[in-house]
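Note sheet for the following structure.
The values are calculated or read from the model by the stated rules, or taken from the named source; none is laboratory data. Predicted model only: the values in this text are computed from it and were never measured. Here Cβ is always computed from backbone atoms with ideal geometry, including for glycine, and neighbour counts include all displayed protein chains. Just the protein is used for accessible areas: all its heavy atoms, side chains included, with ligands, DNA and RNA removed. Shrake-Rupley method; radii C 1.70, N 1.55, O 1.52, S 1.80 Å.
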Amino acid sequence: MLDTKSKILAAAIGAAFALPMAAQAQTNVTVYGKLYPDFYHSNTTAGLAGGSRTSSIGPTATGAPSTNVTAMDSPNSRLGFKGTEDLGDGLKAIFQLEMGFSSDTGQASDASAPFSRNTFVGLSGGFGTIKLGNMDTVYKELGDHIDFLGISSGNFMALSNVLSKATFTTNSANSFHLRRTNSFYYTSPTIGGFTGLFDWSPNEVAGNASAGVISTGVTYEGGPIYAALAYEQHKDMFGGSFGTFNNGTTTSSATSTSATPAGLSSKDQAIRGTFQWQFDNNFQLETNVAYLKYTESGQTAAGKFDTYKHYTWSVGARKQLAAWTLVSTYGQAQAGSCTLTGGVNCDTYGLQARMLNLGAGYSLSKRTMLFGVYSYYGNTTGVGSNLQINSAKPAAGVDQSTFALGISHSF
């Protein structure tokens, strides 16, 4: 028998497939999707021995043993429906519903929210485009723009693991690479190659109307150049305390990874510049430089999280050779600096991280590609990765190497 979540998912999919037929008379509807399963083999080195020196805010050393796994993965396969309706005088209604699922198991990415990927409705015209719904933030959308075979989204080779996060925790509250619910998203008309973007997502916390996310940026596209500058602010999202609580350290002001610490406030910020050059011989180069800062205030006890800041950067290259696509990316996160309340010393020993990705794809058609990928993620005392092994994230100081072979198909 089907459980409640399965029934909800089945109903949602059935309704979504019925949508194009019901709306065909008045709306132009497109059904689209992508599947990219792969077989991967991953090895992790042993973690730091118990009692080893670590940072003040990172996870403690547990002496986790080395391990490896061979498995099939399909992290971000998707099915979507999008359409437009011409309202006259250059005005259009637009919509999109997109669900994620694992093509290796058939399970939805989130059975309780079938359309958990970019899903919105809005208007488009001479004034630009306005969308309301659940969407990637401007900051996420504008940076790390080089196409890694079209398979890096949500995958182990995603450079966001070092470029858009802190390395002292795997808790997602500190990430500047997320999709936000309750979003208002505006895109301006393009003038002289420049486009402005703004995204606001309230956190819907009673008694705190200012809590939430503001994400904004500007892009320039002209000839061989793509350039972007993006800024994002998280108000009372507590990326520092939720992250340190997740590590089990005493420096956290939080009592869980979700309950807002009473009487405290936080302001986490990130700014990033991206520059990409397209050469005449089907060769692309890209660089990203970012600055991330996490700040909390109102804490009277000593030795609690106060601030953390660090720089991150990446470079990438992509070359097209007939049916072959070759791509490589490399990113680094600096250890940065931190402070604790009450003047207690805070050090970031070993929180630097680095990531290297190499990939090759062979196109069988415009929509189908075979691919192979190698990825390395290195920590000193920190922890960070988008790939779980045996249902657990890597421990402090673990390095991770992964090789994968797969197929990608878009429709």
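Points worth noting:
- The lone criterion from (1) farther than 27 Å from ARG367 by Cβ; (2) exposed (fewer than 12 other Cβ atoms within 10 Å of the Cβ); (3) modelled with pLDDT of 80 or more left unmet by THR30 is number (1).
- Cβ-Cβ under 9 Å pairs, at least 6 apart or on other chains, the range 307-319 side under 30 Å from LEU264 (Cβ atoms) and open to solvent by 50 Å² or more (accessible area, probe 1.4 Å), far side assigned to a strand (DSSP E or B) and of a type in the set (Phe, Trp, Tyr): LYS309/TYR291; LYS309/TYR294; TYR311/TYR291
- Selection count, the range 390-411, where residues are farther than 23 Å from ALA333 by Cα and either at pLDDT 90 or above or crowded, with 17+ Cβ neighbours inside 10 Å (or both): 8
- Residues that are in a loop (DSSP other than H, G, I, E, B) and under 25 Å from THR251 (Cβ atoms) do not occur anywhere in the range 313-328.
- Every condition in (1) β-branched (Val, Ile, Thr); (2) buried (at least 17 other Cβ atoms within 10 Å of the Cβ); (3) more than 19 Å from the chain's Cα centre (by Cα); (4) farther than 30 Å from SER253 by Cα holds for THR368 except the one numbered (2).
- For the range 50-68, the criterion of being at pLDDT below 85 and not in a loop (DSSP other than H, G, I, E, B) is met by none of the residues.
- Residues satisfying the stated conditions in the range 109-125, i.e. surrounded by fewer than 17 Cβ atoms within 10 Å (Cβ to Cβ) and touching a strand residue (DSSP E or B) at 6+ places or on another chain (Cβ under 9 Å): ASP110, VAL121, LEU123, GLY125
- Condition met for LEU9 (surrounded by 14 or more Cβ atoms within 10 Å (Cβ to Cβ) and at pLDDT 85 or above): no
- Of all the criteria given as (1) surrounded by fewer than 16 Cβ atoms within 10 Å (Cβ to Cβ); (2) outside any strand (DSSP E or B); (3) in contact with a strand residue (DSSP E or B) (Cβ under 6 Å, 6 or more places away or on another chain), the one not satisfied by PHE148 is (1).
- Output for the range 238-263, where each listed residue is open to solvent by 30 Å² or more (accessible area, probe 1.4 Å) and among the aliphatic types (A, V, I, L, M): ALA259, ALA262
Yes or no, residue by residue, for (1) closer than 30 Å to ASN247 by Cβ; (2) in contact with a Leu (Cβ under 6 Å, 6 or more places away or on another chain); (3) open to solvent by 30 Å² or more (accessible area, probe 1.4 Å):
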{"site": "PRO59", "(1), (2), (3)": "yes, no, no"}
{"site": "SER66", "(1), (2), (3)": "yes, no, yes"}
{"site": "ASP73", "(1), (2), (3)": "yes, no, yes"}
{"site": "LEU79", "(1), (2), (3)": "no, no, no"}
{"site": "LEU87", "(1), (2), (3)": "no, no, yes"}
{"site": "GLY90", "(1), (2), (3)": "no, no, yes"}
{"site": "GLU98", "(1), (2), (3)": "no, no, no"}
{"site": "GLY106", "(1), (2), (3)": "no, no, yes"}
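- Only listed residue being hydroxyl-bearing (Ser, Thr, Tyr) and modelled with pLDDT of 90 or more, chosen from SER42, SER103, SER112, SER77: SER42
- Residues (touching an Asp or Glu at 6+ places or on another chain (Cβ under 8 Å) and part of a strand (DSSP E or B)) located in the range 336-384: CYS338, THR339, LEU340, PHE371, VAL373, TYR376, TYR377, GLY378, ASN379
- The range 74-94 residues that are over 27 Å from MET157 (Cβ atoms) and among the small types (Gly, Ala, Ser), paired with ones that are buried (at least 17 other Cβ atoms within 10 Å of the Cβ) and at pLDDT 95 or above (beta carbon under 6 Å, 6 or more apart): GLY83/PHE95
- Residues that are buried (at least 17 other Cβ atoms within 10 Å of the Cβ), in contact with a helix residue (DSSP H, G or I) (Cβ under 8 Å, 6 or more places away or on another chain) and more than 15 Å from LEU229 (Cα to Cα) within the range 266-302 comprise SER266, ASP268, TYR294, THR295, GLU296, GLN299, listed in sequence order.
- Only a single criterion out of (1) within 16 Å of ILE94 (Cα to Cα); (2) open to solvent by 20 Å² or more (accessible area, probe 1.4 Å); (3) not polar (S, T, N, Q) is not satisfied by GLY128, namely (2).
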